[in-house]
Structures are given as structure tokens and as C-alpha cells.
1. Return the residues of region 270-284 that are over 16 Å from the mean Cα position of the chain (by Cα) and either crowded, with 20+ Cβ neighbours inside 10 Å or closer than 21 Å to Lys167 by Cβ (or both); say none if nothing qualifies.
2. Of all residues in region 104-115, count the ones that are open to solvent by less than 30 Å² (accessible area, probe 1.4 Å) and in contact (Cβ under 8 Å) with a residue 24 or more places away in the chain.
3. Can you tell me which residues in region 124-157 are buried (at least 22 other Cβ atoms within 10 Å of the Cβ) and either at pLDDT below 95 or assigned to a loop (DSSP other than H, G, I, E, B) (or both)?
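The values are calculated or read from the model by the stated rules, or taken from the named source; none is laboratory data. From a predicted model like this one, the values you see are computed outputs, not experimental measurements. Methodologically, a virtual Cβ is constructed for each residue, glycine included, from the backbone with ideal geometry; neighbour enumeration extends over all protein chains shown. The area values use the complete protein model at the heavy-atom level, side chains included, leaving out ligands, DNA and RNA. Shrake-Rupley method; radii C 1.70, N 1.55, O 1.52, S 1.80 Å.
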Amino acid sequence: MKIGFIGLGNLGTAIATRLKQVGENVLTYNRTKQTAIDKGFDVVDTPKELLKTCNVIFMCLFDSPAVDNVFNMENGLLCDELKGKTIIDLSTHHYEEVLKFHELCEKAGAKYLENPVFGSVAPALSGALTLVSSGKPEVFEEVEPLLEKLGKEIFFLEKQGSATKMKLINNLCLGSFMATIAECTSLAEACSIPKEEALNILGVGGGSSLVLNGKKQKLINEDFSAHFSNDAINKDLHLLQDLAYTLKRPLYSAAIPKELFSKMKMRGEGKEDFSSIYKLFKGE
């Protein structure tokens, strides 16, 4: 049986490629069909066509409106053929909108697993992502062997919406760390300390982190081709602020990083990797 996959952005492409590498027969739908063809994937014309041959369908889309569109568009997933199928949704949602997709699939007789991923292109290609799932325990247990092909660490939080909230909380660390590392790097250079040496020292000092390890070479080479974009982290930090507002809680450390990434969007650099925030501190 084929595995369906919807959404071939940077992360989606890496995950779908990983599934192929471990022997899964992957059939894709992408908004731009030629993109899927150019990347070497078998592709169908509509989401509905995936349901003919795929019992499990992954979605890896930018946001909740994009997922809603895939369900409700003409020849979308929301049809009679959805009954009995399993949707594994890797997208990072609005914490309230994701609840609608749980409900939608349940009413359609389908299974839905909310399953945002922690990590970007490199860990996705090596099967070293962190996965956090929410939904019915029996659905999680059924697809866990498939998730193990993608993730090194897998967590299950049963309450609907919990995985999405945890992803947003995690991305507070991610965005804040990236902004701090970028500023430290620029400040070291202003002190005539070579950038690579500064990053080596930070890597065994206060800057030691998965973020520094993952973005060190990008900062050295100033190669800001996107693994995780400024647009994406900006969106996630905005959703996190919405969550804090709903909880009637202040959120001190998210505000400045979010606005720094907003500045990158305003400069027309939203599609770049979020490590390119370094350019703001460097004065470019």
C-alpha cells in the first residue's frame, strides 16, 4: 500500500524523501505539480486521488488555512473516500484551529493524528526528528512504527491540541536562541574576533545548543538557503503570543525575537533560513 504525502516544501520534501529511503512507496500531491515532478516524486492531480491507493496520508503544510484548503477544496480530502483512512498531520497549527481537524476527521469516519515535528531538513533526512503526537491512543499506536522511521524521539500527549501547543512553546526556545546566537556572533566580530573562532567558543560555552550546532555552518558561510524560514518562525511566535493572550499570561522573551523576524519579512527576506537574522545584527 502506498503512503500519501501532501506538501513538498523544504521540510516536507525531506520527510517524504526519508520515507522513500526507508522503502515506503510514496505518492504525493503538491499545490504546484511540477515541483513534485522535478523533485522525483510520483504525483497525483488532487488530494482526493491519494485516497484511492493510500490508507495513510501525511500532511506537511505551512499553516492551518493551508490544511483547511486541502480538506475542503474541490476534490479535496473531505469526501466519502476519507472514511477509514488515517491522516498524520505534521503541520504547525493554530492551537484552536487544529481542534477542528480532529473533529472533521472524526465526523468523516477517519483517523487524525496531530503530529508537529521538531527539527528541520538535516534531521528529517536522517530520521532524527523529534515528533510530538496528540489524538486517540489507538491511532498513535497504530502508526507509531511508521513514525519511528522519521523520528529519534517520539512523545505522545493525548489531549487534543497539546502537541501543537508544545511545538509553539519549543519554538520560543528556537527563535530566542537563534536571535541570541546571531547577536553574539556579530558582537564578537565587532571585537575583531574571527567569526568561526567565536562560534567554536560559544559552542563549548554559554551558546552550546542544538540551534548553534545546526546553524553554525550557515552563519560561517552566510548560506541562508532555507531549512526553516523566517516566515515560519515568525508565524509560530505570533501563534505563541495568541496562546499566551488566551491564557492571560505575559510572554516576556518572545516579543523581541518575533519582531526581529518580522523585520526580516518586511525586508523581503521571509523565505530565507531563520539564521539570516544575523544580518540584522551585522548591520546589513
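1. Ser276, Ile277, Tyr278
2. 6
3. Gly135, Leu150
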